[in-house]
Structure formats: structure tokens, C-alpha cells
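Remarks on the structure that follows.
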Amino acid sequence: MRTLRIDYLKHKFGYNQKNLLLKLVLTIFFFGLAFKFVFFNSMSPPEISPVLEHPFPKKTDTVPEQPQKQNPLVFSQQVTENPTTDLEPVPQLLPVSELEPQNEDQVMSPSNTGKCDYFSGDWVPNPVGPVYTNESCDLIEGPQNCLKNGRPDRGFLYWKWAPRDCDLPPFDAYKFLNSMRDKSWALIGDSISRNHVQSLLCMLSTVEKPVLVYHDELYKSKSWHFPSFNFNISVIWSPFLVEAAIFEDFNGVSSSEVELYLDKLDSKWKDQFLNFDYIIMSCGKWFLKPAIYHENDTTLGCHACPKRNLTELGFTFAYRKTIKFVLNFIASSNHKGLIFYRTFTPDHFENGEWSSGGTCKRTKPVKEGEIENKYLNKLLRDIELEEFRKAAAEASRNGVNLKLVDFVSLSLLRPDGHPGPYRAFQPFANKDQNAKVQNDCLHWCLPGPIDSWNDILMEMVVNG
């Protein structure tokens, strides 16, 4: 009996102890809850939005960045390392066609929309030099192969374009080709377009040599294929973009006026227009040549034809009508790719022009303001900008991706980048160095400043 009572007391004491402990825990819990409620209501203003807990809303449509593939090939000995490692993504350029510009700054300065303006900057020293040479690339045509032709200086090779408000990574040939699998490009225009396509091909050839798959009789229009990427690049010779009958020799000497048909697009590019994913179109100084203008099977007048009994209309008449006609055609088309209109490229003839003994003897870039764009160049560019503004608004409404690339500013600062007398092989052989020879101060040496155009296009098309 005594043993049973002891067991009972032990059991009762244990039960009371547990009960007391439970009450103590519950008391502390409710006291803490009340304290938290009173304290935090007095300290935290009710107007603070809970949105602040997430200051950067999650983007549901963001695609994770894919790792860059490194170029497995070794470039020219002038390149010491792969220049495309650890590059930060570049902000996407807002397509000009998405704006309805009210002034020139809206067209020319993407920085106005908070985006990088790749076209405003300076030329800065680049000790690495170009990614190709005239020896490593066999696609350079003779008139642009300045080093082979005997140009003695090399300083013009060691500069790069640097936008003022953002970084411009070097052209990544492998990344470009990889992003262009099963795609096609066309550069349509005059000899500057041919100059540009050589530059682009030489840079891409550091990864894979392209195969020439087409050329016209005069080798002015060509197409190349990159087999490993099923990628094609074409250059289409169409200096006026509209139909034209041209009568001149290799040196640009005309035997008669150009016959220009302002209401008929050149079929060489029009018939293939929808076949290309990316297009760069341009025209320029060919409109300065003496020409007779036709429209609707009627002769309207001419430019610089004093021996003809025709109304002098001036080259700006034909230039504006052509630019408007071409851009309106693009804006109203159902092209599903990306189309660039490239503005007129300035020349650097001094002490004359092409046909009057002009030369370009400078050997380094200039700073902004040291050289003014010539009145004639500015006149052509202003027409382009005016007509582009109108067409860009229409293109945007129709869902056509039309953009402007304006290389005028960066090109204007490179009077040292032209062949000059070295458009021909050894121009001063058996001659005095001061002998008068034909100079080319319009096209660009390769390698040369025009290579930077591809850096910008890379950012707009691939990284953008």
C-alpha cells in the first residue's frame, strides 16, 4: 500500500510539473506576440508599400544569356589574344523605325532614348591592330590593297573607334557566323558597298574561308557561302538603286550622260529583295555625274548636260526622288528581316577632287571639329535623313524593321584611311614622288577604318 501511494505521488507531481511548463510556454508566446504587434505598429508607417520588398520586378520574358563560344582558330600574328572574352551585354538599340522622329537628333542619337550612341565618339590608339592583314586575306581587291600597292606608312592600321558613352567590343567573327546560321546578307549599292563587303569577309575569314558561288560578268556583283554555317553574303552592284544605263571606263571617265529611270527600281536587287534576311542599302556620289532623267516614259530633264536641249534639274532632284522611291518601297513591303539604310560616305579630297588632282596625304586621324563635312556631302546626307524620317514612320506602322546606320561622323575623322595614290600598284615606280597620279580619297584601305563599321553592326544585330 505504501508503495502504491509513492507511485501515485510521483505520477501526480510529474503531471503538475508538465502542466506548469506548458502554461509558462503559452504565456511567453502570447506576450511576445502582443509586444511585436504594439512595437512594430508604432515604428512602421502604414503608407510604406510592400512593393519595396522587390525593387526590381522580375522579367518573365527574359531569355538566359547563352555562354559565348570562343573562336578556336588563331588569328594573324598581330593579334595576341582572343578579344571577345568576358564582355558585358550591350544594351539593345531602339530601332529607329519604332520612333517618329521630330528632329535630326532623334534619328542620329540613340542616346536620347537611353541607348548607346555608337556613332558619336573618337578614334583611339589600338596597339593590337587589325584582326587580318592583306597577306592573310586574299579577298581584298587591288585598288584597296594599299600595303601591297606600296603604301609606306602603317600607323593608320592601329586605331579603333570608341563611342563616348559605352563600350564597343571588337568584332567576334565566330559569334557572328554562329548567330547567322541558315541566314543571308546583301549589301546593295555602289563601290563603297563592295569595299565594305571585302572588309566583312576578311574579318569572317579568320574563322572560315568563304566560297565564291556567283559573280556577274564584270565581277561587280558576287555571292559567297560559308559552308559550316550555311551562311551567305552577297554584294549587288546598283550605284543608283534605280535602273540606269552607264557609259564609262575603269577610271570613271564617261563617254555619255547616264540615262536614269527614276520610276523603275533596279531589278538586280528588287527581284531578290525578299530572299535576304539582312540588307544594307546605300548610294551616293554617282548622282553627281551628268545624267538625263526619265519618268513614266517621259524625259523630265537632266543634270550637267549643256549640249542637250533639256531642263537643268540638278542632281538633288534625282537624289531625293530616288531615296524617297526606294525607302517607300521598303516601308510598304512585307520584308520580315532587318534592313539598314546607310548614309552617304564623305570623301577627303584636298586641293581638288577626283578628276581635278585632289589628294589625301594625311597619316593619322583628326579630332572632331578639325575637318568640316563638305557642303556637297552635307547636302546629300540631309536629303537622306529627311526622307528616312518619313519612311521610318511608315515602316514602323507596317511592321517593317528599317534602321539607319550613319557612319559619317566616324568616317569624317579618318582622312588617313584612303588609298590615295596607292590605288594602283607602285604608283611612283620610275617616277618622282611628287609626280601627279590619280588619287582615291573616297574608298578605304583594307585593313582600315571601314573595319570598325562591322564592330557597330555586330552590336546592333547580334549583341543587340
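Listed values, structure above:
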read-out	value
Value of relative contact order over segment 226-314, rounded to a whole percent, pairs C-alpha under 8 Å and six or more apart	23 percent
Relative contact order of segment 229-276, defined on C-alpha pairs under 8 angstrom at six or more residues apart (%)	38 percent
Exposure of Leu200 as accessible area (Å², to 10), given a probe of 1.4 Å and all protein chains	10 Å²
Two-site label geometry, Asn398 and His225: point separation in nm, points 7 Å out along Cα→Cβ	3.2 nm
Positive-end extreme of charge dipole, segment 373-464 - chosen from Val405, Trp453, Phe428 (charges on Cβ)	Phe428
Residues Ser267 and Asp138, FRET efficiency given R0 of 30 Å [Cβ-Cβ distance, rounded to 0.05]	0.45
Three-way shape label, segment 257-361, alpha-carbon gyration tensor, a/c 1.5	oblate
Amide H contacts under 5 Å for Phe231, placed H, 5+ residues apart	Asp182, Phe226
Stretch gain in nm, segment Ser120-Lys431, where the contour uses 0.36 nm per residue and the Cα spacing is subtracted	107.8 nm
Counted charge near Glu387, where neighbours are those whose Cβ lies closer than 12 Å (Asp, Glu -1; Lys, Arg +1)	+2
FRET efficiency, Val128 to Asp153 (Cβ-Cβ, R0 30 Å, nearest 0.05)	0.95
Net lengthening on full extension, Leu274/Val366 (0.36 nm per residue, minus Cα-Cα)	29.1 nm
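The values are calculated or read from the model by the stated rules, or taken from the named source; none is laboratory data. These numbers were taken from a predicted model, which means no experiment stands behind them. All Cβ positions, glycine included, derive from the backbone under ideal geometry; neighbour counts span all protein chains shown. For accessibility, only protein heavy atoms count, side chains too; no ligands or nucleic acids. Shrake-Rupley method; radii C 1.70, N 1.55, O 1.52, S 1.80 Å.
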